[in-house]
1. With Y78, Y9 as the choices, which residue is in a loop (DSSP other than H, G, I, E, B) and modelled with pLDDT of 90 or more?
2. When you scan the range 7-17, how many residues do you find that are more than 17 Å from the chain's Cα centre (by Cα) and open to solvent by 100 Å² or more (accessible area, probe 1.4 Å)?
3. Take the range 18-45 and flag every residue that is open to solvent by 90 Å² or more (accessible area, probe 1.4 Å) and modelled with pLDDT under 95.
4. Across the range 52-66, which residue is least open to solvent (accessible area, probe 1.4 Å) among those that are modelled with pLDDT of 50 or more and touching a Leu at 6+ places or on another chain (Cβ under 8 Å)?
Amino acid sequence: MACMHKETYKILHNDYRILPEGYVEIDELIAPTIQVLNRKGYITRYCCSGHSFEDCLELIKTENGSEYQESTIPLTSYIIFEEGITLPVLPCCFVIDPDNPMLEIRKWHYIDNAYDLSQFYERTRSVLETMKQLYQWALDLPDFKK
């Protein structure tokens with residue numbers, strides 16, 4: 001887990017699940033990109049890097065106890081921006097969600113047999129490569145001007 005300050009966008013890496021005052025919880029892999037975007041004026045509201053492991057299995061309660069089953073949650077990476085934000089260009093393979101009134105960009109990770117545990121490293125590779133591309137995209141954006 002990482003925490004980002006709401007005003008300075010300073011990132012704290014934190015393994016103790018402590019959320020200091022003035023900070024919000026953020027996925028560690030996408031935190032550098034979100035920091036760059038906010039510092040350039042592209043204010044974000046929500047984001048997700050895509051959880052290559054957590055999305056493949058979920059713990060469910062059964063009559064015989066707990067067991068794992070295949071999740072129905074698709075593997076995606078997304079960023080939702082504050083109202084009024086526009087982007088001069090989208091990052092590679094991201095699309096705008098037309099159903100969200102706020103600007104939401106999303107990438108679907110299409111992987112054969114994505115929920116098969118043997119595909120864990122392929123899912124992880126896809127998420128890491130996306131985070132690398134997303135970070136470079138954010139660095140290349142001009143500062144946001146309304």
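1. Among Y78, Y9, only Y9 is in a loop (DSSP other than H, G, I, E, B) and modelled with pLDDT of 90 or more.
2. The qualifying residues number 5.
3. I18, L19, E21, E25 - these are the residues of the range 18-45 that are open to solvent by 90 Å² or more (accessible area, probe 1.4 Å) and modelled with pLDDT under 95.
4. That would be S52.
The values are calculated or read from the model by the stated rules, or taken from the named source; none is laboratory data. These numbers were taken from a predicted model, which means no experiment stands behind them. Reconstructed Cβ throughout: ideal geometry from the backbone, glycine too, with neighbour counts over all protein chains shown. The area values use the complete protein model at the heavy-atom level, side chains included, leaving out ligands, DNA and RNA. Shrake-Rupley method; radii C 1.70, N 1.55, O 1.52, S 1.80 Å.
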